[in-house]
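None of the figures in this text is laboratory data; all of them are computed from the coordinates on show. Everything quoted here is computed from the prediction, not taken from an experiment. All Cβ positions, even for glycine, are placed from backbone atoms using ideal geometry, and neighbour counts span all protein chains on display.
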Amino acid sequence: MSSAWSVKQIKQDHKDSKRGSINFTAGIDGFDYADTADKAAKAIKAQGIDFEGNAETISRIRNAKKIVLLEPHFARKYLPLGLAKISTYAKRHGVKVEYQRDYNPVGEDLVCVTSLFTYDSEKVHDSIKAVNFLNRGVPVIVGGVYASIMSKAITDLFPHVTIFKGFSKELDMSPPDYEAYEQWGMEDPWNKFSFIFTTRGCPHFCPYCVVWKIEPREDGGGLWVNPEWKEHILDERPYMMVSDNNLSSLPMEHIEDVITFAHKKDKRVVFDNGFDCKFITDDLADLLGKTKFGRTGMRLAFDRIEEDGIFQPAIEKLKKHGVPKSAIMSYVLFNFADKPQEANYRMTECVKLGIRPYPTRYCPLNKLERGNPYVGKHWTKNLARVYRVFWLMAGWFNKMTFEDWARKEIGGKQYKLFDDDWDCWYTGATKRSFRGHRKVVEDDALPVADPLIAVKEDINAGNLESFFAEESITP
Ligand code: SF4
């Protein structure tokens, strides 16, 4: 069986589709943002994200006497950054704080609960229920990603809670509470990191991402730069994690400031949320070539076929200027609007370039439970599952193609593909009718999901690190 697929055809398909013309070209030279920006503004308004309202919420933190910082039982290895910043901010205003994972009243007059992935919503609800049960009447503030984009799901169940949406510049200027570092329960190597966002937001409006909704651009169209970011880096910690969502889109002056600061302080850097291949210039590559990285600290994304021909030269430029291949990793989105052959082309290009692809399986961010995984229009459930496993294992993808691996059943019976999967693999056609999440996505011109968040979950859960430990990273 052969595929009728070609890069040219896929690009044309996207160009012809309504969604493609609106979103997939965002950030590519010559693209007119006007239509997308207008839709973004409407989407933000429709979700009732009111950043002004956060000022009132922040004043309640300042004026409390004692606060419990409550983190539901998410699997994570990084710092719970929002709570860690509230901790510093509250202490600086003379407020006592106590961090907890299992709620236990300690005479507090305010409880701040954090939330993360929407599909971990039950864990957030359980924490709020525990507060209600053990300390009815105490004021509760809920913030974080889930609370920001699906506040109604929380207030329908718990009408008395206050929702903190998006982020607050005032709070963001506080460093994480490093004094109480032990209490956050981070393991090696994360306890050797300083965690920073030097900016908030992203100039793009990718349809699979939530960043532009919860961290909108400034009035003039630029991104907010945190004037205090240098204060958030500790001399005694050898690593710094820069989590800006699109640092490379900032003026070179700011990027240079961040990178040369890392050089001067002799830090190893992880650019957690990745660089944008469209903005990799020779000057930037030269700076990055002089940078020391934490493991796969130079991260990019090859999420869209439209970046074919832009992504590869960007990687070559980085290598030419001295960034080691082993430091480069690229997130590669699949299970969204892509077909398997197209996604596989992007993965395989990374391998050819000698860098590690990381498969990010699309999941709508309005999905409220972990079960029943979302399956893209051009995928089968089994194919998406098996495909992801293959691309997580450098010991496999550096030695053979997915097709050979699957045909020879090298992964064993649990990773076997069936006739429907093979048909889908070649053509992207499936026999399913789309209901549930598929409908949500198709009904919404700007669906909500963040592949980077899904990836972070893997990293936080230690999955990625364990793969690095077991497998060679580059060919
Ligand atoms: S996926 Fe990346 S580039 Fe796209 S909007 Fe989100 S942060 Fe920006």
Quiz item: Hey, with R₀ at 25 Å, roughly what FRET efficiency would residue 133 and residue 180 work out to, going by the Cβ-Cβ distance, to 0.05?
Solution: 0.40
Quiz item: What ranking of 348, 199 emerges when the number of other C-beta atoms within 10 Å of each C-beta is taken as an exposure proxy, fewest first?
Solution: 348, 199
Quiz item: Using a basic spin-label model with each label point 7 Å from the Cα along Cα→Cβ, how many nm lie between residue 192 and residue 106?
Solution: 3.0
Quiz item: Using the beta-carbon distance between residue 253 and residue 295 and R0 = 22 Å, what value does 1/(1 + (r/R0)^6) give for FRET efficiency, to the nearest 0.05?
Solution: 0.15
Exercise. Give 85/325; 165/367; 77/320; 123/416; 77/377 a once-over and call out the pairs whose C-alpha atoms are over 24 Å from each other.
Key: 85/325; 77/320; 123/416; 77/377
Quiz item: Along the Cα-to-C-beta direction of residue 283, a point sits 7 Å from the Cα; which residues of segment 234-253 have their amide N less than 17 Å from that point?
Solution: 247-253
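Trypsin sites (Lys or Arg not before Pro) within segment 275-358: which are DSSP loop residues with at most 16 other Cβ atoms inside 10 Å?
Working: sites: 278, 290, 292, 295, 299, 304, 317, 319, 320, 325, 346, 352; in loops: 290, 304.
Those that pass, being in a loop and sparsely packed, are 290.
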Exercise. Name all residues of segment 291-318 having a backbone nitrogen under 11 Å from the label point set 7 Å from the Cα of residue 427 along its Cα→Cβ direction, giving them as ranges.
Key: none
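Subtract the Cα-Cα distance of residue 413 and residue 388 from 0.36 nm times their separation in residues, and report this length gain in nm to one decimal. Kindly include the intermediate steps, with their values, before the conclusion.
Values: separation 25, 0.36 × 25 = 9.00 nm, distance 1.57 nm.
Full-extension gain reported as 7.4 nm.
Using 19 Å as the Cα-Cα cut-off, could you pick out the over-long pairs in 317/352; 91/265; 230/264; 192/292; 352/399? Kindly include the intermediate steps, with their values, before the conclusion.
Working: 317/352 15 Å; 91/265 27 Å; 230/264 12 Å; 192/292 15 Å; 352/399 12 Å.
Over 19 Å Cα-Cα: 91/265.
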